[in-house]
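To start, the structure under review is shown below, and the notes come after it.
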Amino acid sequence: MASKKHLVLDDDVYLKLSRRKARTKLPAKTIGNSILRSVLSRPHLPDAIGERLVKMGKVTREEYEWALEESIKEVEKVPTRISEIIDTTDRRTYTSGSWEFQELWRSPDAAIAIIECWARDAKSKPMRSHFHAENELLIVTQGRVQVQTETQTEALNAGESFSLPGGHIHSNGPLSDDARMFVITMPALPDLAPAHSE
């Protein structure tokens, strides 16, 4: 069987794996495969619950399979409206993941808008993956930010930017508790209420 390249690890996982490698003197591949085999050999909770319900006669095998398929579809559904992944605060700002943000300005014709984002905690939780028709330009002004698309993951430092064409699934999150960025959307996101406009 041909060997295929694998996962890209998050920084915290990579650090723990590196420490274990240094401690045990085992190759990272051996450690990683051992951990994954251990986790993957455990019964999966939804499967265990489903088997129990079928054995108890509470549902048929077909009903369980249908419920599982519908649940997977619901979990995998990617929001297309920004309002599906944000909450509004009493300060007229929005939150999603570890971000808090507000629209600073939008042009009178809504062709462009500027959004300011800042880390609201140290959890580095990204906003949920989503997509929309509007183009975005992310400009990091402080700290570090991770941007994830269907095909790539980038860690951006202060002074770096990332262009996201509309219609692509993406997410981003602060990697440091001092992270700040501006997002320029073209056109303005219709789901966000403008704080100011000219």
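With 29 Å as the limit on Cα-Cα distance, the pairs of Lys29/Lys77; Lys29/Lys73; Lys21/Lys125; Lys77/Lys125; Lys16/Lys77; Lys29/Lys125 that go past it are Lys29/Lys77; Lys29/Lys73; Lys16/Lys77.
For the chain, what is the Kirkwood estimate of the hydrodynamic radius, computed as the reciprocal of the mean inverse distance between distinct Cα atoms, to one decimal in Å? Present the calculation step by step, with values, prior to reporting the outcome.
On the way: mean 1/r = 0.0502 Å⁻¹.
Across the chain, the inverse of the average 1/r is 19.9 Å.
Could you pull out which residues in region 68-109 have an amide N less than 15 Å from a spot 7 Å beyond the Cα of Gln142, following the Cα-Cβ vector? Backbone N within reach: 99-102. Helix content alone sets the calculated 222 nm mean residue ellipticity of the chain: runs of n ≥ 4 DSSP H residues at -39500 (n - 2.57) each, divided across all residues, give -9000 deg cm²/dmol.
Once the Cα-Cα distance is subtracted from the 0.36 nm per residue extended length, the Arg52 to Asn135 segment shows a gain of 25.1 nm.
Counting alpha carbon pairs within less than 8 Å and at least 6 residues apart, what relative contact order, in whole percent, applies to the chain? Could you put the intermediate results ahead of the total?
On the way: 345 pairs, mean separation 39.4, N = 198.
It comes to 20 percent, rounded to a whole number.
Quick note: the coordinates plus some simple rules give every number you see, no bench work behind them. These figures come from a predicted structure and were not determined experimentally. Here the Cβ is made from the backbone with ideal geometry for all residues, glycine too, and neighbour counts use every protein chain on show.
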